[in-house]
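*Asks:* This is the structure I want to talk about, given as structure tokens.
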């Protein structure tokens, strides 16, 4: 969904016309824009071979990629965004420097009609990403270059900064709008001859922060991965302003303070993120870098009331659940049909998981990962609780309730949603009780409907979990690498094992799932428990 803006076409046209009396082109940007995040030397070495790993799939990224009509959206976004410069810098060799310079030069000398044919390179968030990457790594790839390269680079930086400024606010309502603002702010502080760019960007910042960060501190797309990316943007903006000796607006400091504890709450015991709404585990080094840059912050409540995400913790056990309404239209590009799903970890071991996010560039796998069946929750008649569309969701739960109680270290979470109201006139109710010892999670799932519905309750297991059925078939025995043996048993359903797949980390890993299948025309309530053995 785009923000209506009748004057957008005019601003875009004006941005591309050189102004009369253009100020002198600076020799170099001010060194106030620095990349804050760790690069990956192995990924930098792969770039020397022309390879780029995007979410578990390897693409060819070379000088020809900037004008390749068959490159596909993921590669085009990565190629034109230049975030991979940090990996070449992390590698740090002369070859890496030369490769960075050669690819930047190739982009600048590619025929603009070919480069911009896909409209990706001129999308505000991609343009902003490129500006920040070039400014943040200028000393690495450009400071020692010849005069011709540096002059062409500065011309491109100034032109793109003006274009980006004119396109604010970005049409997109999701996290891409904040990235666009970040790029304009970076250009404004690094190119002081064009100080109006900074003033214009800061004018839009407060309203964007209010739209992006929900009152409970979660990002508006309800995705832990998107929250991480959003916090990166916020921290970079703060760093740019501080380095440029500009005032940090109070709404920016407040947004960082509110989002920080939520990012901590969305981590399992292994320090990586929970897998909801397009999230992956993400790099622990990056997560730690973000948390370190952000500061101490407070503690998030067990229930995030605005976004409807919950974290129940007892001793070494953590349960994270989705008990909220999916992101609204226009913010649902990464939304999954995972309402009332949960994940559970014990110490550094993940036990119950959602499948994660589909590999970049593979729509088939992406749709599989978004389906309700790819989440640890109940599914009616193999039908997802939300309709999966290319750009978001169609039919979806509109009423999701939750109630949380905590007493003496134990947690009770009661939830319900109406996502199957239209196709089956059904309501799903789920109850989770985590004992204070952390050694037992008891649950129940109930379907309220006019007629009995066929259903299954799925518990996807992390690939590191070893599972087998007890001899009488009434329970599944789970063995965790560092947290001993556990048992999953149920009443009111048939228990079986099925294959699953894990997409939370790079690549596709085979795993298993415990499935509780409801009896035909039988009870519409199943009680189950996951308990530690011994």
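The values are calculated or read from the model by the stated rules, or taken from the named source; none is laboratory data. This structure is a prediction, so every number in the text was calculated from the model and none was measured. Cβ: placed from backbone, ideal geometry, glycine included. Neighbour counts: every protein chain shown.
*Asks:* Just give me the residues in segment 367-382 being out of contact with any strand residue (DSSP E or B) (no Cβ under 6 Å at 6 or more places or on another chain), over 16 Å from residue 510 (Cα atoms) and crowded, with 19+ Cβ neighbours inside 10 Å, in sequence order.
*Replies:* Listed by number, the residues that qualify are 371, 377.
*Asks:* Would a scan of segment 452-475 turn up a residue that is out of contact with any strand residue (DSSP E or B) (no Cβ under 9 Å at 6 or more places or on another chain) and assigned by TED's automatic domain parsing to the domain that holds residue 511? Give the derivation first.
*Replies:* Here is the first cut: in segment 452-475, the residues out of contact with any strand residue (DSSP E or B) (no Cβ under 9 Å at 6 or more places or on another chain) are 471-472.
This time we only want the ones that are assigned by TED's automatic domain parsing to the domain that holds residue 511, so: 471-472.
Looking for residues that are out of contact with any strand residue (DSSP E or B) (no Cβ under 9 Å at 6 or more places or on another chain) and assigned by TED's automatic domain parsing to the domain that holds residue 511, one finds at least one in segment 452-475, hence yes.
*Asks:* So, one more: Output the residue which, of all residues in segment 286-320 that are crowded, with 21+ Cβ neighbours inside 10 Å and in contact with a helix residue (DSSP H, G or I) (Cβ under 7 Å, 6 or more places away or on another chain), is nearest to residue 413 (Cα to Cα).
*Replies:* Going through the qualifying residues, I end up with 311.
*Asks:* Tell me yes or no: at least one residue of segment 380-391 is in contact (Cβ under 8 Å) with a residue 60 or more places away in the chain, in contact with a helix residue (DSSP H, G or I) (Cβ under 6 Å, 6 or more places away or on another chain) and in a loop (DSSP other than H, G, I, E, B).
*Replies:* No, segment 380-391 has no match at all.
*Asks:* What number of residues in segment 77-96 are in a helix (DSSP H, G or I) and in contact with a helix residue (DSSP H, G or I) (Cβ under 8 Å, 6 or more places away or on another chain)? Talk me through it step by step, then tell me what you get.
*Replies:* In the first step, residues of segment 77-96 are kept if they are in a helix (DSSP H, G or I); the result is 77-81, 85-91, 94-96.
Now narrow it down to the ones that are in contact with a helix residue (DSSP H, G or I) (Cβ under 8 Å, 6 or more places away or on another chain): 77, 79-81, 85-91, 95-96.
Result for segment 77-96: 13.
*Asks:* Let me ask something else about it. Residue by residue through segment 220-252, note down the ones that are under 12 Å from the mean Cα position of the chain (by Cα) and free of Cβ contacts under 8 Å to residues at least 60 places away in the same chain.
*Replies:* Of segment 220-252, the ones under 12 Å from the mean Cα position of the chain (by Cα) are 220-232.
Hits for segment 220-252 are 224, 227, 229, 230.
*Asks:* Which of the residues spanning segment 353-366 are surrounded by fewer than 24 Cβ atoms within 10 Å (Cβ to Cβ) and not in a loop (DSSP other than H, G, I, E, B)?
*Replies:* 363, 364, 365, 366 - these are the residues of segment 353-366 that are surrounded by fewer than 24 Cβ atoms within 10 Å (Cβ to Cβ) and not in a loop (DSSP other than H, G, I, E, B).
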